[in-house]
Amino acid sequence: MKKFLLVISLIAPLTIIYPMHHEGVKGDNPFLLIARIQVKPGKVNEYLEIADTVDNAVQATEPGMLFHNFDSDPLNPLKFTWSEVYEDSEALLFHLNAPYIPEYVDGHDRLADSFEIEIYGNISKEAFEAVTALGFPFKHFKTTRVGYTRDNILTNKRKDNIAKAQKFLDTAFTNPDEARSLLHENFSFEFMGICTLCTKADTDSFFNEFLPEVGRLIPEGIALEVVDTIGDSDSVVLRVSGKAQGINGTYNNNYAMVYKFADGKIISFNEYHSDLLAETRLYKKQVVPTN
């Protein structure tokens, strides 16, 4: 890997390829990245395997990757391109620091002869430096005064979804009718884990069975604080810190609340938490050591 990068750097010094004209750019706009690849003869199927693996990981963990395709050249069966549309420069930085990227790069070094990067659209200084540090040939095509992006559509939808998720959290106990209005007709809920309270529910059983049981177990109520939010056009994750007194002591649990949306409504809500804490503080159970 290091030898490969060193050779590329000697052949094409990156500071010559691209003048530093990204200064002052915030990088909060979408842009296109093209990575051009030449696979070694006889290695195409193996390369498609590592490409498929990394593509699945990106789809599962990177909401800021709006489009991610691996396409073949119609004139050369050994040439391929990654076409990647990023929501903003932060999404690119997240991608480059993802834990599965080094494994893909190692596979690339073994199966391919070249990797060239082109970026179309403005990016932040930090994003430019991160791509440069990869050591691959890199061209950055900066946007002229001609062109536009419809990034406000995605941004507004993400903000709207986060607001709905937070509103549902705020009103589920205090204003059930308002909370119900945020839900899709096919809504499903799951309190994740293995515990007495862990369950699946639809809209009616969520309000008529699950929430009353929570109220019985935490009669003084619970204080919930949203400490972080992650969202895109289809889903939202709220990181929530909770403080309460259960029937068997202090119940200060932390939650990852995962909301998915369809037709502008919450269609599913999965709540991740410490099921061990729920068992010991809410149901008077004990942890018993085993030999």
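Condition check ((1) among the polar types (S, T, N, Q); (2) at pLDDT below 95; (3) assigned by TED's automatic domain parsing to the domain that holds GLN38; (4) under 25 Å from the mean Cα position of the chain (by Cα)) across all residues:
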position	(1), (2), (3), (4)
GLY135	no, yes, yes, no
ARG145	no, yes, yes, no
ASN156	yes, yes, no, yes
LYS200	no, no, no, yes
Exercise. So, of the residues in the stretch 16-35 that are surrounded by fewer than 16 Cβ atoms within 10 Å (Cβ to Cβ) and not hydrophobic (A, V, I, L, M, F, W, C), which turns out to be modelled with the highest pLDDT?
Worked result: ASP28
Exercise. Which ones in the stretch 184-208 are part of a strand (DSSP E or B), among the hydrophobic types (A, V, I, L, M, F, W, C) and in contact (Cβ under 8 Å) with a residue 24 or more places away in the chain?
Worked result: PHE187, PHE189, PHE191
For this session: Go through the stretch 33-77 and give me each residue that's in a strand (DSSP E or B) and small (Gly, Ala, Ser).
Result: ALA35, SER72
Seminar exercise, completed: With criteria (1) surrounded by fewer than 16 Cβ atoms within 10 Å (Cβ to Cβ); (2) at pLDDT 90 or above; (3) over 29 Å from ALA262 (Cα atoms), THR174 comes up short on (3)
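Residues checked against (1) surrounded by 14 or more Cβ atoms within 10 Å (Cβ to Cβ); (2) in contact with a Gly (Cβ under 7 Å, 6 or more places away or on another chain); (3) at pLDDT below 95; (4) among the small types (Gly, Ala, Ser):
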residue: VAL7; (1), (2), (3), (4): no, no, yes, no
residue: VAL39; (1), (2), (3), (4): yes, no, no, no
residue: LEU48; (1), (2), (3), (4): yes, no, no, no
residue: ASP55; (1), (2), (3), (4): yes, no, no, no
residue: GLY64; (1), (2), (3), (4): yes, no, yes, yes
residue: ASN76; (1), (2), (3), (4): no, no, no, no
residue: LYS79; (1), (2), (3), (4): yes, no, no, no
residue: TRP82; (1), (2), (3), (4): yes, no, no, no
For this session: Could you list all residues from the stretch 256-291 that are more than 25 Å from ALA244 (Cβ to Cβ), in the same structural domain as PHE168 (by TED's automatic domain parsing) and not aliphatic (A, V, I, L, M)?
Result: LYS260, PHE261, ASP263, GLY264, LYS265
For this session: For residues that are touching a helix residue (DSSP H, G or I) at 6+ places or on another chain (Cβ under 9 Å) and without any contact (Cβ under 8 Å) to a residue 60 or more places away in the chain, scanning just the stretch 209-233, find the one that is surrounded by the fewest Cβ atoms within 10 Å (Cβ to Cβ).
Result: GLY221
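The values are calculated or read from the model by the stated rules, or taken from the named source; none is laboratory data. Because the structure is predicted, anything quoted here is derived from the model rather than measured. As a convention, Cβ positions derive from the backbone with ideal geometry for all residues, glycine included, and neighbour counts pool all protein chains shown.
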